[in-house]
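Here the structure is laid out as structure tokens; the discussion comes afterwards.
Read the figures in this text as sums done on the coordinates, not as results from a lab. Quick caveat, the model's predicted, so the values are computed rather than measured. Neighbour counts run over all protein chains shown; Cβ positions are idealised from the backbone, glycine included.
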Amino acid sequence: MTVHAHPDDEASKGAGTVARYHAEGVRTVLVCCTGGEEGDILNPAMDTPEVRADLPAVRRRELEAACAVIGYDEIVMLGYRDSGMPDTPANQRPECFARAPLEEAVGRLVAVMRRERPQVVVTYDEDQRGYPHPDHLRVHEISVVAFEAAADPESYPEAGEPWQPLKMYYVGWSGERVLAMHEKFRELGLESPFDDKWLERASAQPRKHTTIVRLAEHSGVMRNALLAHATQVDPTSPFWFGLPPEIARTVHPFDEYVLARNLVGEGRSDRIAPEVGSPSGDGGPMEDDLFAGVRHLAAR
């Protein structure tokens, strides 16, 4: 189960990982917390009065198309409105995600967890300094609490039979991917879309991931899923599509994650958020599978 803030987040964060596990027969569920009502139309070809008047429905159709590309088996809308960027009028709307009572939002996610019974939950890190969207911060807040509450029979008894997910991961922005793409642009003699500010941020990012999932033939899924979000992604954007597809698939063909909670195997830990270390962020060996330890339990 992945928990995302808006339609298109599922395409830009971990899409290849979900595609890989779906192809292996894993049931994959997306929880999308908002309808993305405040998203800018970044594709000039889609910036029409008709699209603007019906943007929530358009974004829902785009989400469904992207999820078909990725291989999600189920889309669950948590039912909140996009909160917009900090200090915008959208932040003040009572139905927006950022203003929802924490207990209520956690309860909705607990109900989904108990119904879908995921072994692994993927969500966001608490560190969103690079893109401090209120909805991304809220995703982290409710996911961490719901991971615990879903297993507690005294919490939200009306939300179904208790269920304990076994692992929780944070997926996020990869500075290493940015640096690798920048070098490939230069190698090919192309102008890189990553300026000094981007490169400084990418170079300064601590290497805290604990898990690297290799994507193999699924490394091109992100590109195709992003293209399904026709209002949100300009197909001429050099940031997303500046490299030829056959080359882009070979640049950084893996996703990185931080193991935040682990209730299985030798790496069992009751703590939230591993400390930064080497080589895996917590000083332990690097994982290559979100289901490490879980597969062993299933085989017993």
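Just to be sure I understand: if I project the alpha-carbon convex hull of the stretch 85-152 onto a plane and average over all orientations, what area do I get in nm²? Provide the component values of the computation, followed by the final result.
Details: hull surface 19.8 nm².
The Cα convex hull of the stretch 85-152, projected and averaged over all directions, gives 4.9 nm².
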Next on the checklist: Please give the charge dipole size of the chain, origin at the Cα centre, charges +1 on K and R Cβ atoms and -1 on D and E Cβ atoms. Round to the nearest 20 debye.
Outcome noted: 520
Item to check | Percent antiparallel among DSSP beta bridges (both partners in the chain, rounded to 5) | outcome: 40
Checklist entry - Considering only Y257, A230, L188, whose Cα is most displaced toward the positive end of the charge dipole of the stretch 158-262, charges sitting on Cβ of Lys, Arg (+1) and Asp, Glu (-1)? => result Y257
Checklist entry - What is the sum of charges around L63, taking Lys and Arg as +1, Asp and Glu as -1, for the other residues whose C-beta is under 11 Å from the C-beta of L63? => result -2
Next on the checklist: If I build a Gaussian network model for the chain, linking alpha-carbon pairs within less than 10 angstrom, which residue out of I247, I75, I142 has the largest mean-square fluctuation?
Outcome noted: I247
Checklist entry - With contacts defined as alpha carbon pairs under 8 Å and 6 or more residues apart, what's the relative contact order of the chain in percent? => result 22
Checklist entry - Full extension from A180 to D289: what is 0.36 nm times the residue separation minus their Cα-Cα distance, to one decimal in nm? => result 37.0 nm
Checklist outcome for this item: Amide H proximity to V122 below 5 Å, modelled H, separation 5+ or other chain, gives T2, V3, Y169
Checklist outcome for this item: Total charge of the residues flanking N43 in space, meaning their Cβ is under 11 Å from its Cβ, with Lys and Arg +1 and Asp and Glu -1, is -4
Checklist entry - Can you give the relative contact order of the stretch 164-230 as a percent, counting alpha carbon pairs under 8 Å and 6+ residues apart? => result 29
Checklist entry - Going toward the positive end of the dipole of the stretch 1-107, with +1 on Lys and Arg Cβ and -1 on Asp and Glu Cβ, which of C32, A19, A68 do you reach last? => result A19
Checklist entry - Percent relative contact order of the stretch 91-171, based on C-alpha pairs within less than 8 angstrom and at least six residues apart? => result 40
Checklist entry - Where does the chain land at 222 nm, in deg cm²/dmol rounded to the nearest 500, when only DSSP H runs of n ≥ 4 count, each adding -39500 (n - 2.57), divided by all residues? => result -10500 deg cm²/dmol
Next on the checklist: Show me the ranking of peptides 199-211, 21-33, 114-126 by mean Cβ neighbours inside 10 Å, starting with the highest.
Outcome noted: 114-126, 21-33, 199-211
Next on the checklist: For V76, what residues show an amide H to amide H distance below 5 Å, using hydrogens built from the backbone and excluding near sequence neighbours?
Outcome noted: L30, V31, C32
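Taking the Cα centre of the stretch 105-172 as origin, sum charge times position over the Cβ atoms of Lys and Arg (+1) and Asp and Glu (-1), and report the length of that vector in debye to the nearest 20. Numbers along the way, then the final one.
Numbers: 7 positive and 11 negative charges, 46 e Å.
It works out to roughly 220 debye.
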